[in-house]
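Only the coordinates and a few stated rules stand behind these numbers; no lab work does. Quantities reported herein were computed from a predicted structural model and do not represent experimental measurements. For neighbour counting, all protein chains shown are included, and Cβ atoms are generated from backbone atoms with ideal geometry for every residue, glycine included.
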Amino acid sequence: MKTIDIIIPCHNEAEVFPKLRERLVDLAEKNPAYAWEFIFVNDGSRDKTLEKIKDFAGSDGRVKYLNFSRNFGKETAMLAGLDYADGDAAVIIDADLQDPPELIPEMVKIWGTGVDDVYARRKSRAGESVMKKWTSAVYYNVLQMMTRVPIQADTGDFRLLSRRCVLALRQVRERNRNMKAIFSWVGYKKQEITYDRDKRAAGKTNFNYVKLINLAIDGITSFTTAPLRIATVVGALITLFAFIWIVRVVIRTWLFGPDVAGYPSLMSAILLLGGVQLLSLGVIGEYVGRIFIETKNRPLYFIEESNIKRANEKD
Ligand code: UDP
Ligand code: MG
């Protein structure tokens with residue numbers, strides 16, 4: 001029998017937890033052809049989430065949990081879940097039931113045909129403001145323009161991953177994480193299914209605009225050095241223009257004399273210096289960007305308490 005791990009990052013989800021528990025148990029009961037395992041990652045909740053998870057674990061052997069030492073963010077919580085998911089496939093799902101667990105059997109079916117990453121694409125998004133939908137559409141477009149790796153639009157983290165996809169994702173351990181970008185980056189065979197995104201079943205959202213903007217910037221900078229390249233190119237163009245300008249000024253001054261005393265030399269100097277400065281900033285930026293990418297090797301998270309152990313883990 002194949003095992004499927006359901007990874008559920010939770011941050012202050014006590015309110016929705018009873019409903020979540022019910023839906024998960026229901027899913028497992030209706031699909032007895034697979035062995036189900038639930039991996040809860042408690043990401044520094046300040047409410048009763050951990051108690052509720054432990055209570056569930058106490059009465060159900062399929063429940064595993066990791067309790068983070070503090071809030072590390074959803075991106076890291078998902079990675080921790082993947083680190084501990086040792087089944088044949090893993091599903092990542094939000095705790096707030098915005099992603100219906102009832103969709104999972106369909107994902108499993110597609111996985112059976114040899115697809116590695118079955119991701120759910122939102123047909124509609126209930127309970128999200130026009131502004132949020134619009135900013136998210138713009139973000140996908142900008143990200144897609146800057147990279148050759150195809151980015152799936154209208155897709156969240158709700159997806160089923162094959163074993164080899166999980167193993168690949170585990171190896172991507174950069175600090176500024178944006179899972180959406182990483183899912184695309186690892187490649188493998190992907191297929192979408194569409195669904196209507198529900199409203200949050202209870203509780204309130206953990207994301208505000210500041211968090212979303214940070215996530216968006218991480219997505220771009222961890223993915224591509226295109227913004228740095230832009231500085232380099234603009235700097236080079238200005239420098240080139242400055243040279244042409246200087247030649248023009250020299251010839252004009254030589255033929256007709258200066259228009260205003262000091263102006264030609266001043267203008268040339270400003271242009272040339274500006275261009276050269278921007279160019280060198282761009283070059284330095286390219287290197288800093290590389291150093292930045294390379295030096296991120298702190299541990300990504302700490303676990304305060306858990307009922308699972310990894311094969312290679314010591315006490
Ligand atoms: N989440 C998390 N850590 C955080 C923020 C959120 O693990 O720091 C989890 C949260 O519990 C939920 C999922 O990430 O399972 C999505 O969060 P939320 O529903 O608040 O975001 P939204 O759907 O509003 O974008
Ligand atoms: Mg949500």
1/(1 + (r/R0)^6) with r = Cβ-Cβ of K189 and K133, R0 = 30 Å, i.e. FRET efficiency to nearest 0.05, evaluates to 0.55
In whole Hz, the Karplus estimates of ³J(HN,Hα) for region 147-163 (6.51, -1.76, 1.60; θ = phi - 60°; x where Gly or Pro) are 9, 7, 6, x, 9, 7, 6, 6, 10, x, 9, 6, 6, 10, 10, 6, 3
Amide H contacts under 5 Å for I193, restricted to residues at least 5 apart in sequence or on another chain and with H modeled in the peptide plane, are Y119, A120, R121
Diffing region 193-200: the Karplus 3J(HN,Hα) column from phi (6.51, -1.76, 1.60, θ = phi - 60°), in whole Hz with x for Gly and Pro, holds 10, 10, 7, 9, 6, 7, 6, 3
Checked against the positive end of the charge dipole of the chain (+1 on Cβ of Lys and Arg, -1 on Cβ of Asp and Glu, about the Cα centre), the farthest of G203, V25, N307 is G203
The set of residues whose placed amide H lies less than 5 Å from the amide H of A35, leaving out same-chain residues fewer than 5 positions away, is K2, T3, I4
Contact order relative to length for the chain, counting C-alpha pairs under 8 Å separated by 6 or more residues, stands in percent at 21 percent
Stokes-Einstein D for the chain (25 °C, 0.890 mPa s, Kirkwood Rh from Cα pairs), in µm²/s, comes to 110 µm²/s
One finds the C-alpha centres of region 129-204 and region 68-82 to be spaced, in Å, by 16 Å
For the E29, R70 Cβ pair and Förster radius 51 Å, calculated FRET efficiency rounded to 0.05 is 0.90
Non-local residues with an amide H under 5 Å from the amide H of V91, with H modelled 1.01 Å from N and Pro and chain starts lacking one, are D5, I6, I7, L161
In order over region 50-56: 3J(HN,Hα) from phi, Karplus 6.51/-1.76/1.60, θ = phi - 60°, whole Hz, x for each Gly or Pro, gives 4, 4, 5, 5, 5, 4, 5
For N208, placing the label point 7 angstrom along Cα-to-beta-carbon and taking region 74-105, residues whose amide nitrogen sits under 19 Å are 74-75
Counting only DSSP loop positions in region 1-34, the trypsin sites (Lys or Arg not before Pro) whose Cβ has at most 16 other Cβ atoms within 10 Å are K2
Residues R229, R248 in order from fewest to most other beta-carbon atoms within 10 Å are R248, R229
Going through K48/K180; K54/K109; K19/K204; K30/K199 one by one, the pairs whose alpha carbons sit over 22 Å apart turn out to be K48/K180; K54/K109; K30/K199
Total charge of the residues flanking R46 in space, meaning their Cβ is under 15 Å from its Cβ, with Lys and Arg +1 and Asp and Glu -1, is -2
From fewest to most C-beta neighbours within 10 Å, the residues C10, C165 line up as C165, C10
Descending packing, highest mean Cβ count within 10 Å first, for 258-266, 147-155, 64-72 is 64-72, 147-155, 258-266
When the charge dipole of region 1-139 is computed with +1 on Lys and Arg Cβ and -1 on Asp and Glu Cβ about the Cα centre, the Cα farthest towards its positive end, among I93, G114, L66, belongs to I93
Taking r as the C-beta separation of F241 and S280 and R0 as 22 Å, the FRET efficiency to the nearest 0.05 is 0.85
Over the chain, the sum of -39500 (n - 2.57) across DSSP H runs of at least four, divided by residue number and rounded to 500 deg cm²/dmol, gives at 222 nm -16000 deg cm²/dmol
